[in-house]
Each structure stands twice: as C-alpha cells, then as structure tokens.
Amino acid sequence: MSFLEIKNITKRFGQQTVLSNINMNIEQGELVCILGPSGCGKTTLLRIIAGLETADSGQIFIDSRDSTFLPSSKRNFGIVFQSYALFPNMTVMENILFGLKQKKEMTSAERKKKALDMLNLVDLCEHQNKYPRQLSGGQQQRTAIARAIALSPSYLLLDEPLSALDAKVRAKLRTEIRALQRKIGITTIMVTHDQEEALTMADRIIVMNNAVIEQIANPHTIYNYPASRFVADFIGTMNFYNEGEAMRGIRPEKIKVVEHWEPHDIKALVKELEFKGAFTRIHSHIPKENSEFFIDLPSERVENMKLQRDTMLFLQIPEEHAVRYSV
Amino acid sequence: MAIIYSIKRNFVRFNTAQFCVLLFILAIFTISFVFPLGTLFSKAFTGENGAFAGFANYKSYFGNPSLSVSVWNTIDISLVTTIFSTAFGFLYAYAITRTKILGKSFFKYVALVPIFIPTVVHALGLVYIFGRQGVITRLGFDIELYGRNGIIISEIIYTFPQAFLLFLVALEYVDGRLYEACEVMGVKPLRQFLHVTLPEMKYTVVNTIFVCFTLAFTDFGAPKVIGGNYNVLATDIYKQIAGQFNMNMGAVVGTLLLIPAIISFITGRFVSNKNTSTLNSKTIPLTISKNPVRDATFFLFCGFIATFFILLIISLFIGAFTTYYPYDLNLTLKHFIFNQSKGGIGCFFNSVLMSVASAVLGSIFVFVYSYMMEKAEGFGILTKYGKLLSLLPLAVPGMVIGVSFIFFFNSESNPLHFIYGTIIILVLSNIIHYFSVPYLTATGALKKLDREFEMVAESMNIPCWQTFFRVSVPLSTHAIAEIAMYFFVNSMVTVSAIVFLYSANFKIAAIAITHMEEAGDISQAAAMSLLILLVNVAVRMLYHIIKEKS
C-alpha cells in the first residue's frame, strides 16, 4: 500500500467547488509536487492533507490508517509555509526547541543536541542565536525546514516554500532541499505554481486545474507527453496544429529548421526574434495554417542564418515528438 | 453515512478548551452588558407598578416642559460644541501634519492634556479663569460662565483632543504622490485642498462630528459643576435616579441618551464600508512646501489653543498651592490634606486601585476576547455573536451603563447582587464602558500576526494555550500596553458610570472632586485634580518606555 492515499476528496466553499473527486497515492520517501495555477485547489488539498481543513467527502489514509478525521496535531507531519512563520520573538535555536519541548521523553540535553543536529543539517549552526529578522530569506527558509523536520515527522508539507525568494537563491535552495530530502528520505509533498520548480525537484508531479487533477506522472512524461492541452500549455510552451481530425502539439525546441525546402515541409515567416541568451525564440507565422508557431533555436545558429523579420523558414515536425490530443 | 461524516468532520477541528473560554467570555459580556441594557429598556416601557406602559413614560416626559427642555438644551450645546471642536481639531491637526510650524511635538502633547483629567476639572479650570473671581472676569470680561457658555467651553475642551487625534491619524496617512501629481499639473493650493485633501477626509469628518456630538451629548461632569440652572439630559438622569428615585423616568432619559450614539454607530458602519484605504507599499510621504504666511497663521492658532490649555493647568497649580486664591497668594501644601468628609486622600488611592484593576483585568479580558474572535475557528454563530457585541459599547454612554447596572445588579433577586456597592462593579463597568476601543487595538495587532503561526504550532503538536502565551502575547506587548494605559487613564477620569455605582465606603477621586467643587472647596478639588494628572502622565510615560523597548 502507498504511504498516503487520497480517495474521492471533494471540497466546496459555498457555491464553488475547489476540489472535485480527487484521488492520488503517494509512496514512501518520494517528493511529489502539486502544480497548478492559483485558485486550482492545490493549497486546499495540502491543507486537507495537513488536517488544517476538512473535506466535504472522501477519505485520507496515512500509512494504511484511515486519518480522515484525525486532528492535525496527531498526524505527525512537518510543514513549511511561504511566509516561513518563524516566531519572530524567538531565536533560531528557540524556534526549533519550541516544538521539541513537547517531547516529554527527551531530556533537555537531548533536545538541544537534536536541535543542533538539525541546524547542522541545514548548515545554520553559526546563526543559532540570531533572530529571524537578522537572517536572509534563504536562511529563514532553511530554519523553517529545520524546525519542521526536528520532530522527525513521517511526512513533510511545503506550501510554496520558495516563492518569496529571489531567483538566484531559489535555484540554489531547490537543489539543497532536494538533496536534504533524499538524505533523510522523508516523504514530501510540495505545492507550487512554478513549473520549473516542479520539473527540477519532483519525483512525480500532480498537475491540477479547476479543482481536478489533469495528470500525474514523472517530470519527463509530464513535459514530453502532456496528457491534456492544459498541461501542455501550463508547463513550457506548446505549439498546437491540426492534422486531419486530430489536434497535435509540438514543443518549440523540437521543431527542425532546414535550409532547403522539401515537399511536406512547412513554410513559416519570421515575425519577431526574442533573444533569450543561449537560445532565441522565433515568433513565426504559418500562412497555410494561419496560425502562430514558436520555434527555439540556439542563438548562434540564428545569427549564422542571419534571420530577420519576414525571412522565410522551412520547418519539419519530427513525428516522435509530436503529441496527439483528442479535441 | 453522509450525516455521520458531516458530524465527524465538524469535530475534527473542534477545540474543547477554546470552546469553554469562548463561552465564558461571552457569558461575562452578556451578563454585564446585554442583560443590564435589556433591563433599562424594560424599565423605560413599564410603569412604577411594573406593568407594561407602552410609550406612557415618554408621553409624560415630553408632556412636562421642565423636563423636556433638557432635550433641546442638550442638542443645543452638543451642536455648538461639535462645530467648534471639529473645526479646531482639524486646523490643529492640519498645522501639525501639513505645515512647517515650530514645536510640533510640544503642541501635540499639550493638545492631549484634557484627556488626562476628568471633565469636572476642565470646568474647574474655567472657574479659575472665567468664574466670579476668575482672572479674566476680574479684568472686566464676564462671560457668564455658569450655564450654557460654561458647558459649551468645557465640552469643547473635552472633545477637542478626540477630534484632533482622529484628524491627526487621517492627515498623517497620505500619499504624497497625489500632491506631486497636482504640482506637475499646476493645480493651485486651494484647489488641491478642496479636491484632494478634503475628499480624503470625508469619512473622518463625519466620524469626528458624531464622536464630538455624542461625547458632548452624554457628558455629566461639566454640566454638573458649572451648568447652573441649565439642565441637560445627563444631569436630569442623575436627578431622576439619585434624587427622586424615579427609575422609570431615569430609564426614559437613558434611552434618549443612546440615540445619537446609535445613529452614529449605524452611520459609522455604513460609511466605513465604503471607505476603502488607498494606502499601499508604494505610498510616499508628503513633502511640505515652504509658506511663511501659512506657517505663521497656524502657529498663532496652535499657540492660542495651547496657551489656553496651559493656562487651565497653571490655574489648577495656583489654586492648589496658594492659601486662598485670589485673596491670599502665599504658598501652602494644606490643600493636599483632604477633608475626611469628602473621602480624604483615601479616595485617590481608591481611584488608583480601581484603575489598576480595570487596566489589568480589562487588558486580559479584551485580549482574550479579541484572540478568540480572530484566531479560534469553527465556532460559527458564537463568533458572530461576539463580534456583533464587541463594538456595541461604543454606542452606550457611561451614564447609561451606570443606570443599567443599577437596574440589573441592584435587584435583590439577582444572584450577582453582592457585587453591588463594591469595587467589583466599578471595575466591571469600566471594562464594559471602555471595551470597544481596546478591542479594536487588540484585533488590529492580532490581525498583523501571521495566521500560519497557529498552524505551524498545531503541526508540532503544541497546545494552543502555549502558542497563545509564548507567541501571541509576546508579539502583542505594544498593543497590550496601549490597552492597559487606555483603561487606566479613562478609569482615573471617568465620572459618568461610576457616579451611580460608587458606595460611601469606596469613594473615588473624580467623584470627590465633583463633591468638593459643589461644596466650594475648590482649592482641594484643584489639588486632587493635580494628583490625577500626575499619575496619568506618569502612566503615559511608562507606556512610552515600554513602547520604545518593544
């Protein structure tokens, strides 16, 4: 059996359904990202898993035990919020000890040692006597994680844990959190609206939209074979086109640009060149389909080809990379 | 199945401890606010025999011209007071926020002085300046202090600080970009004032008008001391209850006293719903332009008001420290040896004791109350009931609270009768009377605390009371200190509710001052007033120290 099983969870706020018949399983030790646009119900789902909110119907099994009506304090999880919610009147050390003090079976020396171990794990030992406001955003984030795992919870919930940080720190923390999670092997559920975060960190991604799950799969499958038009559009960029009755999709970087026209090649006109550093995104117009295509090419190649507005391009769509959708 | 599911899920997040605390505080509030007010209304609509009388009491009240004249008198003085206080309050606050006058912080503190002394003392100061032997009167200007004029000036002194504070807050929070945009577009200062400043002040102006009107409408101290033969509702209710023991007529006047506050309460809710704050993190402070003429004018205006207030205080000093003003100006301390018949120095200590108790118990009660309203989840209708009650005391003047308390707690059949005539009922009346402003302070502070603190604590299996004491309370020390100070200062100066509830064995200072003034011991009254001023200013300074530290 899976570590966490969610069965037929439904939740309404007044007239609005925020979760509609949600089913999923999460395995011991994996890191799962719940990804979706704001308002898709992902945060409510996390809060239901945490016991901070109750569902209107459905069941939750944690470690094979029906936990649907288990109060949050008995669920044995750790949680990190976007705001970190570090107690501002306590030092880093005190923040971590605050929870540990509930463990009556530990002596105070043991608690202190445990807290220091946690701080070592997130590399914050030297900051233990500082107050949260004296720390950088990334350090606060790591303190919150140390606090969450200090009580040896059986699973960890992360609610948009990186959204408040700037891009550089975010990228660094992604790897750090992932490494830490692997090291202690804790089952982790993370809610995010950032597709890049989900792709780089997760073992599996659950894509949600409008109160339902669109797709559950590993990052590669999600990216290469998005199950619905929504998933394709939400994660990365997808060009859509019709082929007979079918709707097809192709990622911008999978489109081949050839120098010489051959039959079956698609003619496209360059409309705009969007320089993105290593590669350049070409906004093009397909007269035959009367639609717009994005094409990503290495910037070097774009320069060599001396592409300009209104240059004619010849495109090939490799069959193995084209995704088929039922309309 | 579905029913069992829904019952179970309602109990998942149910916290028994929180539920008990919530029931307890709501019970206290209901017993000491809703029930007494209910008794007041029932008395107003029943005859002396206890039978339902409909509007008969009101008919006989308005049928008696010697009684109903008070209604018009009260409206008259309240209107005049409101006009002056609102105008003065606005100009004074404008001077401090929007001009470059010198001595701003001096002016700011002087304007607050009246808050620290009972309204009877404002009247007392006026007696020293404009009374029969007053400084100005002896110079040949008799303003006929006793009666309408005296009441109006007193009420202006009483309500001015409130008006000033309301405008100060409103004028301080301004988006400088609006005025920069005006400058760029070449809009003249007068048009800026009419089209930018005033529209932003709409809500505050309405609010201030109501606050001043209600305060003047229900004040008891000043008309009691220098009202002469000019009757107002607040003195009438006292005469009906304490003089003639006509409880039903007293109740009628009590309900009349509620009217302006209720109107302002309803309008306030109506207006504030439409008042959307335009402040955000991009707001930039205002840069005040140079304008010597404007600054000089405002300086003179503020100087005039401040001088007047200082004069009031100086006159108290002269009265308290000279042998027999104005005939014998030798310095003496004998007025600080208070007549035992008026309660002696003991009533000052009683006041301090009562105010400390009100501050401590009031702060605890208000903070726990706000906490339950803000942070406790899942109690639906109880929370709604609590929130509804929380602001109602704003609409109930002290006199009405005092009268309702008599009706309710003085009844032999009430099991709580034993608190009648003790310090407990005084403290309870103070807490209820001054509940709403501290409640708003506490709620504001708690709203600023991250909701996620509670959730994190819950996930770590920390009991809610520990989160309350270790997180919510320490993070709200500033607000709690402000609340305690508010309760203390107001309890020191209040007369209105207390005048019905104190007993001869537990007299308090503000009441003693009233009696001293009536008996003509105005030097002792001045001495006692200075003691109140002293302790209030000391408490205010203590609050500043705490604020600086946190």
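Worth a mention:
- Dipole axis of the range B:353-508 (+1 Lys, Arg; -1 Asp, Glu on Cβ), positive-most option in B:A504, B:H417, B:L440: B:A504
- Inter-centroid distance (Cα atoms) of the range B:486-550 relative to the range B:317-393, Å: 7
- Rounded if a/c under 1.5, otherwise prolate or oblate - the range B:54-113, Cα gyration tensor axes: prolate
- For the range A:83-134, lysine pairs separated by 8 or more sequence positions, or belonging to different chains, with Cα-Cα distances below 17 Å total 10.
- With all pairs of separate Cα atoms included, the range B:102-165 yields a Kirkwood hydrodynamic radius of 12.6 Å.
- For A:84-90, mean number of other protein chain Cβ atoms within 10 Å: 6
- Fully extended contour minus Cα-Cα distance, from A:E274 to A:T10, at 0.36 nm per residue: 90.7 nm
- Under conditions of 10 °C and 1.306 mPa s, chain B yields 62 µm² s⁻¹ as its translational diffusion coefficient, taking Rh as the Kirkwood radius over Cα pairs in the Stokes-Einstein equation.
- The range A:78-234 shape via C-alpha gyration tensor axes, a/c threshold 1.5: prolate
- Ranked by the mean number of other Cβ atoms within 10 Å of their residues, highest first, the peptides B:8-15, A:212-219 fall in the order A:212-219, B:8-15.
- Using the Cβ-Cβ distance between B:L391 and B:F469 with R0 set to 30 Å, the FRET efficiency from 1/(1 + (r/R0)^6) comes to roughly 0.65.
- For the range A:4-230, the Cβ-based charge dipole about the Cα centre amounts to some 540 debye (Lys, Arg positive; Asp, Glu negative; other atoms uncharged).
- Taking N as its residue count, the alpha carbon Rg of the range B:345-500 over 2.2 N^0.38 Å: 1.16
- This model, with +1 at the C-beta of Lys and Arg and -1 at the C-beta of Asp and Glu, gives chain B a dipole about its Cα centre of some 1000 debye.
- Rounded to the nearest angstrom and listed largest first, the equivalent-ellipsoid semi-axes of the range A:239-325 from its Cα gyration tensor are 21, 14, 12.
- Distances between placed amide hydrogens fall under 5 Å for A:I79 paired with A:L157, all partners being 5 or more residues away or on another chain.
- Of the residues in the range A:139-177, those shielded by at least 20 Å² of accessible area once partner protein chains are present, compared with the chain alone at a 1.4 Å probe, are A:R147, A:L151.
- With Cα atoms defining each centre, the range A:146-197 and the range B:40-105 are spaced 61 Å apart in the structure.
- Two-site FRET efficiency, B:S411 against B:Y203, from Cβ-Cβ distance with R₀ of 45 Å, rounded to 0.05: 0.60
- At a threshold of 50 Å², the residues of the range B:1-25 that become less accessible to a 1.4 Å probe in the full protein assembly than in their chain on its own are B:Y5, B:R9, B:V12, B:R13.
- Rg and Dmax of the range A:25-87, both derived from C-alpha coordinates alone, stand at 12.6, 34 Å.
- Contact with the other protein chains removes 30 Å² or more of accessible area, compared with the isolated chain and a 1.4 Å probe, from these residues of the range B:442-459: B:E452, B:F453, B:M455, B:V456, B:E458, B:S459.
- The dipole here belongs to the protein assembly as shown: it is taken about the Cα centre, uses +1 on the Cβ of Lys and Arg and -1 on the Cβ of Asp and Glu, and is about 1000 debye.
- Other protein chain Cβ atoms within 10 Å, averaged over every residue that makes up B:461-474: 3
- Rounded to whole Å, sorted largest first: equivalent-ellipsoid semi-axes of the range A:90-181, Cα gyration tensor: 23, 15, 11
- Extreme residue, positive dipole direction of the range A:4-230, given options A:L162, A:I216, A:L116 (C-beta unit charges): A:L116
- Apportionment of accessible area to carbon and sulfur, the protein assembly as shown, percent (1.4 Å): 61
- Averaged over residues, the count of other Cβ atoms within 10 Å places the peptides B:467-479, B:204-216 in the sequence B:204-216, B:467-479, highest first.
- Additional length obtainable on full extension of the chain from B:F14 to B:E377, 0.36 nm per residue less Cα span: 129.9 nm
- In the range A:135-276, a dipole from Cβ-located charges (positive for Lys and Arg, negative for Asp and Glu) runs towards its positive end, and of A:A148, A:A268, A:I255 it is A:A148 whose Cα lies farthest in that direction.
- Loop GluC sites (Glu not before Pro), the range B:121-218 (other Cβ atoms within 10 Å of the site Cβ: 11 or fewer; DSSP): B:E144
- Residues in the range A:127-143 reached by a label modelled at A:I184 [backbone nitrogen below 19 Å; 7 Å Cα→Cβ]: A:127-129, A:138-143
- Here B:F106 and A:E253 are evaluated by their C-beta separation; at R0 = 41 Å the FRET efficiency comes out at 0.05.
- The chymotrypsin sites (Phe, Trp or Tyr not before Pro) of the range B:378-438 include none that meets both conditions, a loop assignment by DSSP and at most 14 other Cβ atoms within 10 Å of the site Cβ.
- When the convex hull of its Cα atoms is projected in every direction, mean area for the range B:61-332 (nm²): 18.4
- Selection of GluC sites (Glu not before Pro), the range A:256-327, meeting DSSP coil and at most 10 other Cβ within 10 Å: A:E259
- Chains B and A, summed buried accessible surface - 1.4 Å probe, Å², nearest 100: 2700
- Based on protein heavy atoms only, the protein assembly as shown ends up with 46 Å² per residue of surface accessible to a 1.4 Å probe.
- Subtracting the Cα-Cα distance of A:E126 and A:Q316 from their residue separation scaled by 0.36 nm leaves 62.7 nm.
- Its residue count N fixes a reference of 2.2 N^0.38 Å for chain A, and the Cα radius of gyration divided by that reference is 1.21.
- Solvent-accessible surface (1.4 angstrom probe) belonging to A:D159, in square angstrom, nearest 10: 20
- Projected label distance in nm at B:S42 and A:N89, using a 7 Å step from Cα toward the beta-carbon: 4.3
- The value obtained for the protein assembly as shown, namely the Cα convex hull volume divided by the number of residues, is 254 Å³ per residue.
The values are calculated or read from the model by the stated rules, or taken from the named source; none is laboratory data. Since this is a predicted model, take the numbers as computed values, not measurements. A quick note on method: Cβ atoms are made from the backbone with ideal geometry, for glycine too, and the neighbour counts reach across all protein chains shown. Quick note on the areas: whole protein, heavy atoms, side chains included, nothing else; ligands and nucleic acids left out. Shrake-Rupley method; radii C 1.70, N 1.55, O 1.52, S 1.80 Å.
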